[in-house]
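The values are calculated or read from the model by the stated rules, or taken from the named source; none is laboratory data. Everything numeric here is computed off the predicted structure, so don't read it as measured data. All Cβ positions, even for glycine, are placed from backbone atoms using ideal geometry, and neighbour counts span all protein chains on display.
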Amino acid sequence: MNMSLSEVKKLPLHAEHERFRANFMEFAGWTVPLSYSSIVDEHDAVRKNVGVFDVSHMGKILAEGDRASDFLEWVFSNRLSKISCGQAIYGLLLNPEGGICDDVIVYKLAPNRYFMIVNAGTRERDWEWLNRNSDGGVRLTDQMDSLNILAVQGPKSPDVLSEVFQCDFHHCPSFSCREVVFRNEKILIGATGYTGERGFELFAPVGISTELFRAIFERGAPFSIRPIGFGARDTLRLEVKYLLYGQDMDTETTPLEAGLEWTCDFSKDFLGKQALLKQKENGILRKLVSFEIPKGGIARHGYEIRRKGEAVGRVTSGTFSPSLKKAIGLGYVPVDLSTIGSEFDVMIRERAVKARVVKAPFYRHAV
Amino acid sequence: MNFPKTLRYAKTHEWARRGDGVVVAGLSEYAQKELSDVVYVELPAIGKEVKQGQPCAVVESVKAAFDVYAPVSGKVVKVNKTLEANPSLVNTDSYGEGWFLEIEPSQTGEWDSLLDAGTYESVLQESAH
């Protein structure tokens, strides 16, 4: 189906992004900022100081009720009982075949009250899937239009939030979450993100989001805060090998192939577990690897991977790493090509260009 | 934006300058700004025959790869090797050190089909609306 322009939605803070002279792009049915200045400058700003992303396009689902914990424990691959109230956990929604329906972060707000962030492109499918698999005792609420998400990321993000909310954010452990009050409204803040830096995601009622956005920039000015677009979001996440749903994984790939077995807790029961156990037993045929291209171009999503002239896989993500100043990428290859140091060719404009499997993440922050 | 009057332009955002029996080509400031962060440049082999309006080089930004089109037909006689080591010259000096290639033109009439600075600018303005 062709999506006409009128169906592409604008973020609630679109006008704020225009004020910052953003260049826009389309992403999962939304008009989002691509960049405000240069992708490399924005990337460096997040690695060095602090930046703000508007990721309100993502899905937000509240799950509550007597059986909310039991329900989520069944549809979510990771063990929810590992976390306490005020903590968050990353994991997957799998189908019975073990294919990845989505990757999500679940925030535990209260004993039977959870907040889940899902991908924009899979939001409707997840919603339908969750409802189909729930059997009462759990109430699901779609908070898509009532909440805004701002990600404040970078080493100076605790300084900025401490100023904005007048309380300390320097000692928030990664994957913790808490509520603060701003303009008489509650905001959930998770110490989570998609950049590999220290950072926070702020889930705020849409009604105060403009005020919040402006307060962050006002209070963040001494820390050289700046708005960051989706261009830098992609380079930042790829450098630390955070996968992108729909590109690096989808319903045709399993956590074992995508290197996400660590998000599956086999000591509990969960949807898709039996299929994964079977795949474990039989062994996987392909694996997602991290590679770099020493010279000859930049691999991009969809480029073919070849071994001795034979097509054996595809690049799922590829870019030029601003931090490492070289071409990096992810792609699925046969298992025997997945060990570190293995070499294969990536077809760049009909030329075979040598790529080498390297250890992930490509970039590690010097803490 | 700066579009030197001494140059001619293609609608695909290349500039061309007539030299001693050759045409030098590069990317306009508009193209450079749109690309942002040029990180890789692929140049043709010396001696390659190129056709007006057909791809003759590749430029990659962080985000994507784009073709550079030949402003005139002819033989490639020189390429800017410096760009391979320092592709950001396309951003910092698009009309100078950021040049791409020199073509020995084979069709004299083609030069006149290129746009002068004023016409190019009005084409840009039209496409912005």
Self-check item: Subset of region A:197-217 [in a strand (DSSP E or B) and under 11 Å from residue A:150 (Cβ atoms)]
Solution: A:199, A:200, A:201, A:202, A:203, A:204
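Can you pull out the residues in region A:8-28 that are away from chain B (no Cβ under 14 Å) and either among the small types (Gly, Ala, Ser) or closer than 21 Å to residue A:321 by Cβ (or both)? Give the steps one after another, and end with the answer.
Here is the first cut: in region A:8-28, the ones away from chain B (no Cβ under 14 Å) are A:8-20, A:28.
The answer is A:15, A:28.
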Practice problem: Would you point out which residue out of A:318, A:302 is surrounded by fewer than 19 Cβ atoms within 10 Å (Cβ to Cβ) and of a type in the set (Gly, Ala, Ser)? | Solution: A:302
Quiz item: Residues in region B:93-106: is at least one within 14 Å of chain A (Cβ to nearest Cβ) and either out of contact with any Pro (no Cβ under 6 Å at 6 or more places or on another chain) or on the phi < 0 side of the Ramachandran plot (or both)?
Solution: no
Practice problem: Being closer than 19 Å to residue A:195 by Cβ and within 20 Å of the chain's Cα centre (by Cα) narrows it down to one of A:150, A:161, so name that one. | Solution: A:150
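Given the structure, is residue A:168 at pLDDT 95 or above and surrounded by 16 or more Cβ atoms within 10 Å (Cβ to Cβ)?
The answer is no for residue A:168.
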Exercise. Sort out which residues of region B:1-48 are touching a Phe, Trp or Tyr at 6+ places or on another chain (Cβ under 6 Å) and of a type in the set (S, T, N, Q), and write them in order of number.
Key: B:12, B:28
Practice problem: Kindly provide the set of residues from region B:39-71 that are within 13 Å of chain A (Cβ to nearest Cβ) and β-branched (Val, Ile, Thr), ordered by number. | Solution: B:39, B:41, B:58, B:59, B:62, B:68
Quiz prompt | The lone exception for residue A:101 - which of (1) touching a Ser or Thr at 6+ places or on another chain (Cβ under 9 Å); (2) more than 16 Å from residue A:133 (Cβ to Cβ); (3) crowded, with 19+ Cβ neighbours inside 10 Å it fails | solution = (2)
Quiz item: Within region A:270-295, can you find the residues that are at positive phi and buried (at least 19 other Cβ atoms within 10 Å of the Cβ)?
Solution: A:272
Quiz prompt | Whichever residue in region A:244-269 is of a type in the set (Ser, Thr, Tyr) and surrounded by fewer than 17 Cβ atoms within 10 Å (Cβ to Cβ) and, among such residues, is nearest to residue A:99 (Cα to Cα) | solution = A:251
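This table checks each residue for (1) among the hydroxyl-bearing types (Ser, Thr, Tyr); (2) in contact (Cβ under 8 Å) with a residue 60 or more places away in the chain; (3) touching a helix residue (DSSP H, G or I) at 6+ places or on another chain (Cβ under 7 Å).
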| residue | (1), (2), (3) |
| --- | --- |
| A:101 | no, yes, yes |
| A:106 | no, no, yes |
| A:113 | no, no, yes |
| A:139 | no, yes, no |
Quiz item: Can you tell me which residue in region A:29-44 is nearest to residue A:16 (Cα to Cα), limited to those that are facing chain B (nearest Cβ under 8 Å) and aliphatic (A, V, I, L, M)?
Solution: A:34
Quiz item: Can you name every residue in region A:56-89 that is over 23 Å from residue A:173 (Cα atoms) and among the charged types (D, E, K, R)?
Solution: A:64, A:66, A:67, A:70, A:73
Quiz item: Can you name every residue in region A:179-225 that is among the small types (Gly, Ala, Ser) and either within 25 Å of residue A:103 (Cβ to Cβ) or in contact (Cβ under 8 Å) with a residue 12 or more places away in the chain (or both)?
Solution: A:190, A:191, A:193, A:196, A:199, A:204, A:207, A:209, A:215, A:220, A:224
Quiz item: Can you name every residue in region A:218-244 that is at negative phi and hydroxyl-bearing (Ser, Thr, Tyr)?
Solution: A:235, A:242
Quiz item: Before we move on, is residue A:359 more than 13 Å from every other protein chain (Cβ to nearest Cβ), surrounded by fewer than 18 Cβ atoms within 10 Å (Cβ to Cβ), part of a strand (DSSP E or B) and touching a residue at least 60 places away in the same chain (Cβ under 8 Å)?
Solution: no
Practice problem: List the helices (runs of 4 or more DSSP H) that sit entirely inside region A:221-301 and contain at least 3 residues that are among the basic types (Lys, Arg), farther than 25 Å from residue A:323 by Cβ and at pLDDT 95 or above. | Solution: A:273-282
Quiz item: Of A:84, A:77, which residue is small (Gly, Ala, Ser), more than 30 Å from residue B:60 (Cα to Cα) and under 20 Å from the mean Cα position of the chain (by Cα)?
Solution: A:77
